[in-house]
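What follows is calculated from the coordinates using simple rules that are stated; it is not laboratory data. Here the structure is a predicted model, which is why all the values come from computation and not from measurement. Counting neighbours? That spans all protein chains shown, and the Cβs are built from the backbone with ideal geometry, glycine included.
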Amino acid sequence: MPAARPAPPASSAPEPGQAPATAAHGAPAPAGPVAVLARPETATEAPAAPAAAEPAVSASVRQRVGVGQAALLSALVAGTPVPEGFDVRRIGVQSRALAAKRASVVARIAPELPKILGAEFRPAFLAYARRRPMPGSYRRDALDFVESLLLEGRPEQRELTRWWRERSGSRPTTLAGRVVRAARDLFQGR
């Protein structure tokens, strides 16, 4: 076993290129030797006592909580009645905030829709969102929104139909394809 190096004297300056020693909290380290005591380990030491055992939750309690969570989620995103014990006004505020977030995200991933619909985009989307929960992805949400607008027979039918056809296939039209189509429409006066 190698011999232990003696500790440097307390008054010695740090070697060149080394910072002065400090304690863990940033204060200067105490002068003089510091002893580090090892924790004694003995074979007779008992393992630490486990934390108090949590009571087992019965299956009926889990099911009741699950049904309550599903009812709350449904009230937030699908417009179903608010479950008992919740503030109807607050749930309504949160539900509108979630629908507004959906509208903002759809406007970001499909910026053509606010251009096509103009000022009617947000009210139309919020009306759609009140009737339909989010289908799984924002892209699918945008496609379903446009589909619902097409079924209503809106004045922007032609532009919405073109937008929907370009994106509804399993392989949406590439940016280059959309640029070519836009140039063709421009030259044909559409």
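Could you calculate the FRET efficiency of T174 with R132 from 1/(1 + (r/R0)^6), where r is the beta carbon distance between them and R0 is 22 Å, rounded to 0.05?
0.15
Could you compute the FRET efficiency for E156 and L73, with r as their C-beta to C-beta distance and R0 at 45 Å, rounded to 0.05?
0.85
From Cα coordinates alone, what are the radius of gyration and Dmax values for segment 114-190 in angstrom?
Rg and Dmax of segment 114-190, Cα atoms, are 13.5, 41 Å.
Quick one: go through segment 123-148 and flag any residue whose amide nitrogen is under 16 Å from the point 7 Å out along the Cα-to-Cβ line of T80.
Within reach of a label on T80, which here means backbone N under 16 Å from a point 7 Å along Cα→Cβ, segment 123-148 contributes 130-135.
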